[in-house]
Amino acid sequence: MDTRFTGVIPPVITPFKDGQIDLDSLDHLVDLLIDAGVNGLFLLGSSAETAYLTDAQRELVVTRVVDRAAGRLPVLVGAIDTTANRVIEHARRAQALGADAIVAACPFYAINDMTEIAEHFTAIRQAVDLPLFAYDVPVRLNGKKLAVDMLVRLGGLGVLDGVKDSSGDDVAFRRLVAANEEAGHPLVLLTGHECVVDGMLLLGGDGMVPGYGNVEPRPYVELWQAAQRGDWQEARRIQDRICAGFEIVFVPQGRSADASGIGAFKTVMEAQGTIASNEMAFPVRALTGETKEKVVAIAREQGLI
């Protein structure tokens, strides 16, 4: 297992202002996350609204963050696209720009079986000499859940170095942890299920990729430290406090997943002064009016502002 990629690795959001990537806000966010003590940064995932970004915008984000991080911690970069050849192009560009690892999902639009998906990951690893993480996020990928046996087998073969699990399927994650341990722990297993991180670490997870960590990075660092000490009562206490703030995502009802989750994060981050605007990638509309006020009110009650 590559221990460089354990601990707290928040998926960095992409700030926008007037339709363009707000590089000053991105710099500020990166500094805030690093100062909070996170262990790595994950770029161009769902929280980064990567599906809405052009190739040029993706490269701009990677270049800016790698330069800002300046080797202080590892930078994982998402290479998310429909098929292996397109993923490989993104991954090679990320590698050239200084990425420390690549995160790739299974194919989408193209509908492949698990054998073909295994070949997809194998082709990516053979083409790019960087650690490779499988991004398990079925809600965005035709409902396709990556199979435990495939993931562990590819870990044993050196194709995969880890899994970023955003499936929300905690039973499957537990099965994956058990199978990974039985195989000698070839994979770093990171949970994206940010409100049950304490439980996922207790059962043997190696870290977390919490989107809400953009809003509150330090509590996740404290949670990780408590887990490392085996202080599970403290870990639960911290997790409960995190979940109280996470209530912001349940305010925007009837909106897209991006608007309710990432939009709520950005709204609080704007109020905190972390980013200049809660603007979303087109065509997602930012939270405004009463919805925005309710999100900010929760954040204020929780001492986030």
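The values are calculated or read from the model by the stated rules, or taken from the named source; none is laboratory data. In this text the structure is predicted, and so the values were computed from the model without any measurement. Every residue, glycine as well, gets a Cβ built from its backbone with ideal geometry; the counts of neighbours run over all protein chains shown. Note: accessible area is taken over every heavy atom of the protein model, side chains too, but ligands, DNA and RNA are not part of it. Shrake-Rupley method; radii C 1.70, N 1.55, O 1.52, S 1.80 Å.
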For the stretch 17-26, indicate whether the set of residues that are surrounded by fewer than 24 Cβ atoms within 10 Å (Cβ to Cβ), within 30 Å of Q225 (Cβ to Cβ) and in contact (Cβ under 8 Å) with a residue 12 or more places away in the chain is non-empty.
yes
I'd like to verify a number: residues in the stretch 225-251 that are open to solvent by 10 Å² or more (accessible area, probe 1.4 Å), of a type outside the set (D, E) and closer than 23 Å to R300 by Cα, how many?
9
Of the numbered conditions (1) polar (S, T, N, Q); (2) more than 30 Å from L202 (Cβ to Cβ); (3) under 19 Å from the mean Cα position of the chain (by Cα), N39 fails exactly one; give the number of that condition.
(2)
Name every residue in the stretch 104-117 that is open to solvent by less than 10 Å² (accessible area, probe 1.4 Å) and part of a helix (DSSP H, G or I), in order of residue number.
I117
Residue count, the stretch 121-141, condition farther than 23 Å from D169 by Cα, touching a residue at least 24 places away in the same chain (Cβ under 8 Å) and either touching a strand residue (DSSP E or B) at 6+ places or on another chain (Cβ under 7 Å) or part of a helix (DSSP H, G or I) (or both), comes to 8
If only one of E182, E222, E194 is touching a strand residue (DSSP E or B) at 6+ places or on another chain (Cβ under 9 Å), without any contact (Cβ under 8 Å) to a residue 60 or more places away in the chain and open to solvent by 20 Å² or more (accessible area, probe 1.4 Å), which one is it?
E194
Does D55 satisfy being open to solvent by 30 Å² or more (accessible area, probe 1.4 Å) and either in contact with a Phe, Trp or Tyr (Cβ under 8 Å, 6 or more places away or on another chain) or at pLDDT 95 or above (or both)?
yes
Take the residues in the stretch 252-287 that are over 18 Å from E49 (Cβ atoms) and modelled with pLDDT under 95; name whichever of them is most open to solvent (accessible area, probe 1.4 Å).
Q253
Flag if R300 is open to solvent by 60 Å² or more (accessible area, probe 1.4 Å) and over 25 Å from H28 (Cα atoms):
no
I'm told R93 meets every condition in (1) over 27 Å from A183 (Cβ atoms); (2) out of contact with any Phe, Trp or Tyr (no Cβ under 7 Å at 6 or more places or on another chain); (3) part of a loop (DSSP other than H, G, I, E, B) except one. Can you identify the failing condition by its number?
(3)
Log entry, pairs with first residue in the stretch 62-87 being surrounded by fewer than 17 Cβ atoms within 10 Å (Cβ to Cβ), second being modelled with pLDDT of 95 or more, beta carbons closer than 7 Å, six or more apart or on different chains, reads T63/L97; R72/I34
Residue hits (the stretch 151-179; among the β-branched types (V, I, T), part of a helix (DSSP H, G or I) and either under 18 Å from G207 (Cβ atoms) or in contact (Cβ under 8 Å) with a residue 60 or more places away in the chain (or both)) are V152, V177
Among the residues in the stretch 140-148, are any modelled with pLDDT of 95 or more and of a type outside the set (A, V, I, L, M, F, W, C)?
no
